[in-house]
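First the structure, in the form of structure tokens, and then the observations on it.
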2 protein chains.
Amino acid sequence: MKIKHLAGAAALLPLAACSNKAVQQQPNIVFFLVDDFGWVDSSVQYGEELYPYNLRFNTPNMQRLSERSTVFGNAYACAVSTPTRTSIMTGMNAAHTRITNWTSAVRDTPSDATGGGFWMAEHKGSGDAAEGDVLSRPEWNMNGISPVPGVPYTQYANSLVQYLKDAGYFTIHVGKAHWASAGTPGVNAYNHGFCVNIAGTMAGMPRDYSGLKNYGNTKERWNDFAVQNLVEYYGTDTHLTDALTSEALKALDYPIRHNQPFYLYMASYATHTPIQPDERFAQKYRDAGMDEGQAAYASLVEGVDASLGRLLDFLDEKGIADNTIIIFMTDNGGNSENAQKGGVPHTQNKPLREGKGSNYEGGIRVPLMICYPGKTQVGRCGVPVICEDMFPTILDMAGVRSWTAVQDVDGQSILPLVTGVGDGPSPERPLVFHYPHKWKPYDLEDIDFLSAVRVGDWKLVYRIKEGVVACNERLYPDTRNTARAKALELYNLREDIGEEHNVAAEHPDITQRLAKTLSDKLRGWNATMPIVVSTGKPAPLPDEL
Amino acid sequence: MKIKHLAGAAALLPLAACSNKAVQQQPNIVFFLVDDFGWVDSSVQYGEELYPYNLRFNTPNMQRLSERSTVFGNAYACAVSTPTRTSIMTGMNAAHTRITNWTSAVRDTPSDATGGGFWMAEHKGSGDAAEGDVLSRPEWNMNGISPVPGVPYTQYANSLVQYLKDAGYFTIHVGKAHWASAGTPGVNAYNHGFCVNIAGTMAGMPRDYSGLKNYGNTKERWNDFAVQNLVEYYGTDTHLTDALTSEALKALDYPIRHNQPFYLYMASYATHTPIQPDERFAQKYRDAGMDEGQAAYASLVEGVDASLGRLLDFLDEKGIADNTIIIFMTDNGGNSENAQKGGVPHTQNKPLREGKGSNYEGGIRVPLMICYPGKTQVGRCGVPVICEDMFPTILDMAGVRSWTAVQDVDGQSILPLVTGVGDGPSPERPLVFHYPHKWKPYDLEDIDFLSAVRVGDWKLVYRIKEGVVACNERLYPDTRNTARAKALELYNLREDIGEEHNVAAEHPDITQRLAKTLSDKLRGWNATMPIVVSTGKPAPLPDEL
């Protein structure tokens, strides 16, 4: 669906966004986006019940926000960072942008781990298949999004932020950007319509969280992952999360002083690796018996909570909390695959299966709460929603209803689910997840090469590698049927949130219907599929098995 | 000459540059680089006498600095911005880097005006020849410098700043960078070894000098020329030059607090176009009878002077002036070709001929003074020096004598000329200037396609277009001789600083010697020449006429 609203209100908007005074009518919007922060990694109850892991975290400010918010229990993002962040900016599903993996630091360099890829060759891997690989990397938009056409391996799109700026918003970027590779125009926040950019680069992680280490700024020759724009905190014990918060509050001074609506995209680098303890908070977690990795992670989380708290207090002090919408979300599920986090790998998102990188729930089901002062239906909302919904939702909040984009927008406004006014998306709307990549240099069966679709309570997981096996025509029919059964898994998420019981055999009709739905979506978007090494052709879609 | 100093002191340096405390021994270094600021655009006397234009400017702080400096009367830069800035970073002559023109905002887009070029096609011109053109653009390194190999149209080089950082310096970039086009790694100051970057991008000019205009940050879609990192001054009447100065002083806090030597590259955007009045200072110039352009320009100059004053005061207050070297310089001659500056075009650098863009003295002879507290020979120095000398000079100042670079360094340390200790470059050293480009969409006879060499008091100017005519074999010998005479001009700068009297006919031997010197240099560097449209071959070198 190509959305075009050409006429009307836009012509009446003030001429300059960042420089003119205007009487403020539009609400301020804060998008507070945390990184690698899982669904059970706070005291906030997103699920039907409070889970044991919820009890490990001390997050009073998230709790405080949740008590005035619509809390989404079935909110989704992509399995890794960049696809979510670019979906928010474009309103497109990641399979549609063809940005299905994270953008690496260096232009034209795939981050795929197939054939060693990025991981083995120090930022210059091909990502092609190695000996023994069944699948090789797809042709995806490895350079991310671009605000101008013609840049190789990018999705050209009009950004959410530019529309907000055009509509009179003062637009502020703080923290992690990670929309594009260095050496492309998309890496520059200003090119997407931000009036201010603090510390947003091509980096997907900080080199160091400590001000005492200058956030990683050491004498190395190529040091892109050192966090920029924070010299005032160098040599002090200011944690990165806190420094970014201070800078965000400083940047808010201009629009508040000028009575201009603002959009603050507050994208914390925490809680991404490196999992370094935030010593303001770490000791009590150690004292509670956590191992060092667990304590360090919990302290990073509490640092984010403190950041949120400072922001909420600031809005109160300035007397603008009543006109400021807050969206709190994460870019993907918690990382359950990194030894730095301590604990037992692949369990940290329990009751959800797996974590970051995976299209099982642990990788994609994320915290989301929205507070629209005076209009919020406070409480839990179970309707499934997804990151590309943020584009139309935020434009809806800003009153920007007259726009035309070069891209086809897939998301829908979920504002009606917050306010109770109007129609939100249907609970039966299919939501698509697509990760046609190998994530790490070693095989991760529940992460690599998975696609999925959720429709209502049902979820189909397509294991692409098994799909390739099932399409081998030289197999005996029985063997092929076994492979096909392994390729398509069906779960009822209402009854089985942990995706422990594959019920595809019991519900072949539902399995077939969802396989068709997923295939139609991917086909319609010309989604990219990994390449079958033995044939050189794209892997089959799930309805081609 | 490939300089390699492999052994010795480097191994003893502290391990981290930006993060470790150390007892300071090395001097701090401030490189104060002004933009488009001419040789006679201040009250400082660089020449043998004070010229009428010197009297138009009120620059007490430059005066104050000159009284404790070695003031160079025969200092040179390139005719336009990027070549000078990249020569400072690499130590190479611009003909050698093949970065002989300014880098445009957009990768792979030549800024040449041949065939319309950049100027006619809104950032996407080819720079190829149009009908009637004798010359087409050369194959130059239009993307600037790169800290990594393999980037098309760049000079790969180790930067001056990286060596300083490696040697323990805290390295700060403030203001205009303009080393490389957007979309290449060279555009990022951090990639060249800066610990801090404030406002340095691919931009060669600011969109606006006024804080009230947010330094150009308006709602336009592609707004790279808006100055970044200055949100704290948005909506205030803080002039850009003053805002950058405040940020520089803030950034100095860290190294001062940690007793770490610093390198501050303070690269003012002023006095480049747009020539907008700095209202702190403009009125008195209007009252003195200057036209609006002249008054606006003089006010930009006084803003730079005030910036220098704040910095000098700050160093005094912090008690570190005695250990801080200051280099004051400009990137090219004053612009005499832009109506914004008022006055009579092509005269603003009198007594020097022409201005920015030209290899006549007005375009390349620049202010340079160096103050090394306790070691300076105060007074004028007449030895000709050039921008690529800054690389070895600054390393010499920092005590970095053990380094190896991927590039061949052409410059020589001029520190002995400041301190009187050791041997500086010979006054007879040849200095080469090379501009194989058409600057503007219209013809500028004294700017376009000129090369030059200075040896002692003599200067040869090679007019490449005339050289092409002289090589046309179908001409009669007399006609060819006339063309040859027009192609090679000789001046004695001691007697004729205004280059009014071409004495090539009187001194054929000197003319021939300098033509050979210039040709040998260009040949040795594999310098790029414009293409003769009628033959498709490079234009001849001056000894090939």
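The values are calculated or read from the model by the stated rules, or taken from the named source; none is laboratory data. Just so it is clear, the structure is predicted and the values come from calculations on it, not from any experiment. In this analysis, Cβ positions are derived from the backbone assuming ideal geometry, glycine residues included, and neighbour counts consider all displayed protein chains. What goes into the accessible areas is simple: the full protein's heavy atoms, side chains included, and nothing from ligands, DNA or RNA. Shrake-Rupley method; radii C 1.70, N 1.55, O 1.52, S 1.80 Å.
Summarised in one figure, the compactness ratio Rg/Rh of region B:163-255, Cα atoms and Kirkwood Rh, is 0.99.
Per the Cα gyration tensor, region A:58-213 maps to an equivalent ellipsoid with semi-axes of 29, 20, 17 Å, ordered largest to smallest. Across region B:47-62, coupling constants 3J(HN,Hα) worked out from phi with the 6.51/-1.76/1.60 Karplus curve, θ = phi - 60°, read x, 5, 9, 8, 9, x, 5, 4, 7, 7, 10, 10, 9, x, 6, 5 Hz, and Gly and Pro carry x. In this calculation the C-beta distance from B:Glu473 to B:Glu67 is compared with R0 = 56 Å, giving a FRET efficiency of 0.45. Taking only alpha carbon atoms, region A:152-209 gives an Rg to Rh ratio of 0.99, where Rh is the Kirkwood radius.
Please work out the FRET efficiency for the pair A:Asp408 and A:Gln25, using the Cβ-Cβ distance as r and a Förster radius of 30 Å; give the result to the nearest 0.05. Mind showing how you got there, number by number?
Values: r = 30 Å, r/R0 = 1.01.
E between A:Asp408 and A:Gln25, to the nearest 0.05, is 0.50.
The contact between chain B and chain A removes approximately 3800 Å² from the accessible area (both sides summed; 1.4 Å probe; ligands, DNA and RNA excluded). In this assembly of identical copies, the label point of B:Asp128 (Cα plus 7 Å along Cα-to-Cβ) is separated from its counterparts by 3.2 nm, sorted shortest first. One residue of chain A places its C-beta nearer than any other to the axis carrying A onto B; that residue and its whole-Å distance are A:Gly183, 3.
Counting Cβ atoms of other protein chains within 10 Å of each residue's Cβ and taking the mean over peptide B:159-170 gives 2.
Classified by the C-alpha gyration tensor, region A:358-465 has a prolate form. Its axis ratio a/c, with a ≥ b ≥ c, is 1.5 or above, and a/b is larger than b/c.
Which whole number gives the average count of other chain Cβ atoms within 10 Å of the Cβ atoms across peptide A:250-257? Each step should come with its number before you reach the end.
Details: counts 2, 3, 1, 4, 7, 3, 0, 3.
Taking all residues of A:250-257 together, the mean is 3.
Distance from the alpha carbon centroid of region A:479-545 to that of region B:137-171 works out to 50 angstrom.
Less than 5 angstrom separates the built amide H of A:Leu135 from those of A:Val533, all sequence-distant by 5 or more or on a different chain.
Over all pairs of distinct alpha carbons, what does the Kirkwood formula give as the hydrodynamic radius of the protein assembly as shown, in Å? If you can, show how the numbers build up before the last one.
Details: mean 1/r = 0.0321 Å⁻¹.
For the protein assembly as shown, the Kirkwood estimate is 31.1 Å.
The per residue volume of the convex hull around the alpha-carbon atoms of region A:432-544 is 111 Å³.
Could you pull out the pairs from A:Lys341/B:Lys165; A:Lys176/B:Lys165; B:Lys440/B:Lys537 whose alpha carbons sit more than 30 Å apart here?
Numbers: A:Lys341/B:Lys165 33 Å; A:Lys176/B:Lys165 26 Å; B:Lys440/B:Lys537 23 Å.
Pairs exceeding the cut-off: A:Lys341/B:Lys165.
For B:Ala288, inter-copy separations between label points set 7 Å beyond Cα along the Cβ vector come to 6.9 nm, shortest first. By its C-alpha gyration tensor, with a ≥ b ≥ c as the square roots of the eigenvalues, how is region A:291-450 shaped: rounded for a/c under 1.5, else prolate for a/b larger than b/c, else oblate? Oblate is the answer for region A:291-450, as a/c is 1.5 or above yet b/c matches or exceeds a/b.
Taking a ≥ b ≥ c as the square roots of the eigenvalues of the Cα gyration tensor, an a/c ratio of 1.5 or more together with a/b larger than b/c marks region A:310-375 as prolate.
Here region A:214-280 was treated as a single set of alpha-carbon atoms; its pair distances binned every 10 Å from 0 give 16, 44, 28, 11, 1 percent.
Each Cα pair under 8 Å and six or more residues apart adds its sequence gap; the mean of these over the residue count of chain B is a relative contact order of 22 percent.
With the simple spin-label model, which puts each label point 7 Å out from Cα in the Cβ direction, the A:Val503 to B:Gln377 separation comes to 9.2 nm. With the full set of protein chains in place, find how many percent of the accessible area of region A:432-544 is carbon and sulfur; take the probe as 1.4 Å. Using a 1.4 Å probe with all protein chains present, region A:432-544 comes out at 49 percent carbon and sulfur. The aspartates and glutamates within cross-link reach of A:Lys375, meaning a Cα-to-Cα straight distance under 18 Å and a gap of 8 or more places when in the same chain, are A:Glu67, A:Asp316, A:Asp322, A:Asp396, A:Asp423. Remark: label point of B:Gly343 defined 7 Å out from Cα along the Cα-Cβ vector; separations to the same position in other copies 7.0 nm, ascending.
Once the partner protein chains are put back, region A:194-241 shows a loss of at least 50 square angstrom of accessible area, versus the chain by itself, at A:Asn217, A:Lys219, A:Arg221, A:Trp222, A:Gln228, A:Val231, A:Glu232, A:Tyr234 (probe 1.4 Å, ligands and nucleic acids excluded).
What is the mean number of Cβ atoms from other protein chains located within 10 Å of the Cβ atom of each residue in peptide B:48-60, rounded to a whole number? Don't skip to the answer; put the middle values down first.
Values: counts 0, 0, 0, 0, 0, 0, 0, 0, 0, 0, 0, 0, 0.
Going residue by residue through B:48-60 and averaging, the value is 0.
Computed with a 1.4 Å probe over protein heavy atoms only, the accessible surface of region B:432-544 comes to 47 Å² per residue. Averaging Cα coordinates gives a centre for region B:266-287 and one for region B:372-436; these two points are 31 Å apart. Averaging the Cα positions of each part gives two centres, and for region A:174-251 and region B:303-325 these lie 29 Å apart.
Taking each residue as 0.36 nm, the span from A:Glu317 to A:Gln340 lengthens on full extension beyond its C-alpha to C-alpha distance by 4.5 nm. With both bridge residues required to lie in chain A, what share of the DSSP beta bridges run antiparallel, to the nearest 5%? Taking every DSSP beta bridge with both residues in chain A, the antiparallel ones total about 50 percent. Per residue, the protein assembly as shown reaches -7000 deg cm²/dmol at 222 nm when only DSSP H runs of four or more residues are counted, each adding -39500 (n - 2.57). For chain B, the direction-averaged projected area of the alpha-carbon convex hull comes to 24.0 nm². For the set B:Thr479, A:Thr238, solvent exposure ranked by accessible area (probe 1.4 Å, protein chains only) runs largest to smallest as B:Thr479, A:Thr238.
Close amide H contacts of A:Cys381 (hydrogens built in the peptide plane, cut-off under 5 Å, sequence separation of 5 or more or a different chain): A:Val71, A:Phe72, A:Gly73.
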